[in-house]
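Report on the following structure.
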Amino acid sequence: MIEAFYDVSPAWPVIIAGLLAAAFPLYQVRKGLALLAPILALGLWFNAPSGDHLGGIIELGGFRLETFRFDGLSRIWGLIFIIAAFINGLYGLHEKDRVADASGLIYAGAGLGAVFAGDLLSLFFFWELTAISSVFLIWGARNQAAYKAGLRYLAIHVLSGVLLLTGAVIRASETGSWAFDETLSIETLGGFLIFIAFGIKCAFPFLHNWLQDAYPKATITGAVVLSAFTTKLAVYALARGYAGTEQLIWIGAIMTAFPVFFAVVENDLRKVLSYSLNNQLGFMVVGIGVGTELAINGAAAHAFVHIIYKALLFMSMGAVLMRVGTVKASELGGLFKSMPATTVFCLIGAASISAFPLFSGFVAKALTLAAVAQDGHWLVWLVLVFASAGVLEHSGIKIPYFAFFSHDRGHRVREAPANMLMAMGIAALICVYLGVNYGVLYELVPFPEAALHYEPYTFDHIVGQMQLLLGAMFAFAFLVRMKWYPDEKRGVNIDTDWFYRRFLADTVNWGHAMFGRLWASLGNLVTGFRTRTGGKLFEVFSPIGALSRDIPSGLLAIWTSALLAIVLLIAYLAP
Amino acid sequence: MSDQNGKHDELIHPVARPFLWLDAAWLKSSMIWIFLVATLGFVAVDFFHHRHEYVHLAEFYGFYAMWGFGAFVLAVMVGWFAIRGLLGRDEDYWDGDDTDEEGQS
């Protein structure tokens, strides 16, 4: 233990490496930084004092910024963010894009900074930094679709930041506290605004579509990087501030269920994974809503394993996109013949997310389901079990089946590059390792004692889970045999983005057109008025007007006398 | 394009060659029976062993198998008819902005 580094947040080496990467034109240096920075961050994570620790305090303009809070909750989130940063660096080792290298590191560092932030102002700083740095991972695709999606993404996330800051200011004015802890409440205006800010980033129902809009349009590595940090940071923030908020139970339950229906008929497999991500977040949100020690452990453990297996699935689809040029299910099939290693890694990711025994999802999801059932939310529990079968449908079967098996489309491509395979291999290894040695995961969660009392590998649990998975797999085979499974075909399914991409855009365009017409009509009216009035005045005052005509001098004298009389009368009567 | 069983397809990865049977027609047509037998096998366990569950409904014979089957069918049908039927649009609905294929760097 090096005491001098006790107060240094693991976020700083990653952010500094990102800033250096932006300056270095030599890509080998940037790649070295991408791998070295997470290792340094890991060193600081291990170096942190045991027990709860608050350090890295910066006094600035009368505010106290706490940049390194290390406790049970930030410990597990910090570790998985560091691991994800390393795997992402390895996966993107072949890319020579300076902006992507820098933004990927700054984004990961900002995520770490937010996790270790002890107050709302520090959280806001890192919260906005994640938004601003990550948008370059979308724009990095360098096409019009990505550019527009990036703008929408940025607007929504900056809005989230603005709500967070507004809520924090209102709360501080009411209570004098900038604390980022369990004292946050949706009962107050400030607390409610912060809750919505977290909800936007967490992709709550109706606030979710930025995720499915932006992630599939990001670069190959960008989608992998994005899948790790933003939403899980929001889950962390909810766990930190709103654990036990009952509204989260149903919000989470809805989140687990509705993406399943969209994923079934989505043709873009990276978009399927985005819906799947939304579904997985729902499990974590439910756990936070329940708020018991077991449930918080479930949310934390789920976030940990989810980051790994979701990244693994995104990595495998990234490899397919790189080699084939598309991830449209309608264009894929039979790729196991060309990319056998990628196929195996994808299958491991699929088995993990589907919660097959011996894979990481099984030992993590079980905690949440048990906590929900123990707390008496049986209806929510049924929704979660439904969603578990849904996960199998879209991520367990659809992704590997349509990409690597199904109908052979004749794509004969090269296997993914070695660095991509290594990154996928590490992720796959973690999925299996944690599925078997679940004690390692349970010791990392915020309440290890509660977790270690839970035994996932009971006979009943294994039998029940295998029934669920095999029943769903039989349903798939049955529907395919009966030709009742929808064909994969090109097309899009509109979602809540319709409101701002179509309805709002059309309304603005209509308003613009109407304003143009109104302006033109107003112009015509003014022109007409000026023409008519000018004409009348011309008729009266012009050299050929009425007043210029010959008027009899007698009549003019009478009028002048009358006017003079009126003026004199007013002057006399005036006080 | 490959031949029927891929044996003469030189471009197939050598590691994948021993696994070409995964693409065989007999396997695809057998999947339904394989999964049915496996499912029934695990359901049969319920008749010899009483599972203890937090939610009593789940203790019913073959509960998870039925729930998994029903959930899967429901997800597919709702997705097919409600989502694709009502919300499905042509690929150029967003002025071609939803293509992924340039999303590589």
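Odds and ends about this structure:
- Three-way shape call for segment A:351-393 based on the alpha-carbon gyration tensor, with the a/c threshold at 1.5: oblate
- Principal-axis tilt of helix A:553-573 within chain A, Cα atoms, nearest 10 degrees: 70 degrees
- Peptides B:40-52, A:365-377, A:433-445, A:180-192 ranked from most to least packed, by the mean per-residue count of other Cβ atoms within 10 Å: A:365-377, A:433-445, A:180-192, B:40-52.
- Total buried accessible area between B and A, probe 1.4 Å, nearest 100: 6900 Å².
- Fraction of accessible area attributable to carbon and sulfur, the protein assembly as shown (%, probe 1.4 Å): 70 percent
- Farthest toward positive dipole pole in segment A:139-499 [+1 Lys/Arg, -1 Asp/Glu at C-beta], among A:Ile430, A:Pro446, A:Tyr153: A:Tyr153
- Calculated FRET value between B:Trp33 and A:Ala418, using beta carbons and R₀ = 41 Å, to 0.05: 0.55
- Dipole magnitude (debye, nearest 20) for the protein assembly as shown, charges at Cβ of Lys, Arg, Asp, Glu: 1760 debye
- Angle between chain A longest axis and helix A:189-201 axis [Cα atoms, degrees, rounded to 10]: 60 degrees
- Projected label points at A:Leu60 and A:Leu189, each 7 Å from Cα along the beta carbon direction, are separated by 2.7 nanometres.
- C-alpha center-to-center spacing [segment A:278-317, segment A:367-405] in angstrom: 12 Å
- Given charges at Cβ of Lys, Arg, Asp, Glu: the protein assembly as shown dipole, positive-most of A:Gly56, A:Val225, A:Ala37: A:Val225
- For segment A:64-103 versus segment A:531-545, the gap between their alpha-carbon centres in whole angstrom: 78 Å
- Entry note, chain A: relative contact order of 12 percent, from Cα contacts under 8 Å with a spacing of 6+ residues.
- Multiplying the residue separation of A:Arg490 and A:Val99 by 0.36 nm and subtracting their alpha-carbon distance yields 137.5 nm.
- For peptides A:535-541, A:217-223, A:130-136, sequence by mean Cβ density within 10 Å, most packed first: A:217-223, A:130-136, A:535-541
- Between the residues A:Ala373, A:Ser561, A:Pro10, the greatest Cα displacement towards the positive end of the dipole of the protein assembly as shown, with unit charges on the Cβ of Lys, Arg, Asp and Glu, is found for A:Ser561.
- Tensor-based shape of segment A:119-166 (alpha-carbon gyration tensor, a/c under 1.5 rounded, otherwise prolate or oblate): oblate
- Each Lys or Arg adds one and each Asp or Glu takes one away; over the other residues whose Cβ falls under 11 Å from the Cβ of A:Ala303, this sums to +2.
- Exercise: per-residue mean of other protein chain Cβ atoms within 10 Å, A:495-502: 2
- Modelled label positions at B:Phe81 and A:Asp52, each set 7 Å beyond Cα in the direction of Cβ, lie 5.4 nm from each other.
- Helix A:459-481 vs. chain A, principal-axis angle (Cα, 0 to 90°, nearest 10): 60 degrees
The values are calculated or read from the model by the stated rules, or taken from the named source; none is laboratory data. What you see is a predicted model, and the numbers here were worked out from it, not measured in a lab. No Cβ is skipped: glycine too gets one built from the backbone with ideal geometry, and neighbour counts run over all protein chains shown. Side chains are part of the model used for accessible areas, which takes the heavy atoms of the whole protein and leaves out ligands, DNA and RNA. Shrake-Rupley method; radii C 1.70, N 1.55, O 1.52, S 1.80 Å.
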